[in-house]
Amino acid sequence: MLRYHHKHKNTPKEPFDALLYFFVFTTPLFEIPQAITIYKNQSAANVSSLTWIYFLITNIVWLVYGIRKKLWPIIVSYIFYMIVEGIIVFGILRYS
């Protein structure tokens, strides 16, 4: 009988994996200025609600995938995405 030795699933195995994790967890930070602008100016002029709602729906799909596959980096990162993008969508709906 063959035995397979599995590495821990959530640890980066290659430099590219570490780079991917970096971008997955930092990308939502670059969405925060959009939220700040909407709330500071109390205006969502020139902000596409369709785009941000689509992003939010995409996050739900990724979150479900992460939960089904038990992939914690995906679960955590897409919860973060949903929070930031949910704040943006709420601001768009409120100030449009």
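Read the figures in this text as sums done on the coordinates, not as results from a lab. Predicted model, so just to flag it, every value in this text is computed and none were measured. Counting neighbours? That spans all protein chains shown, and the Cβs are built from the backbone with ideal geometry, glycine included.
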Can you sort Tyr81, Tyr39, Tyr54 from fewest to most other Cβ atoms within 10 Å of each residue's own Cβ? Tyr54, Tyr39, Tyr81
The helix 32-41 Cα axis meets the longest alpha-carbon principal axis of the chain at an angle in degrees, between 0 and 90 and rounded to 10, of 10 degrees
Residue exposure sequence - Trp72, Trp62 - by fewest surrounding Cβ within 10 Å: Trp72, Trp62
If you fit an axis through the alpha-carbon atoms of helix 15-26 and take the longest principal axis of the Cα set of the chain, what angle between them do you get, 0 to 90°, nearest 10? 30 degrees
With label points set 7 Å from each Cα along the Cα-to-Cβ direction at Arg68 and Phe22, the distance between them in nm comes to 3.2 nm
Neighbour-count ranking [beta-carbon atoms within 10 angstrom, fewest first] of Leu19, Leu56, Leu50: Leu50, Leu19, Leu56
For helix 72-95, report the angle its Cα long axis makes with the longest principal axis of the Cα atoms of the chain; keep it between 0 and 90° and round to the nearest 10°. 10 degrees
Can you compute the label reach from Lys13? Point 7 Å from Cα along the Cβ direction, backbone N cut-off under 18 Å, restricted to region 63-86. 69-74
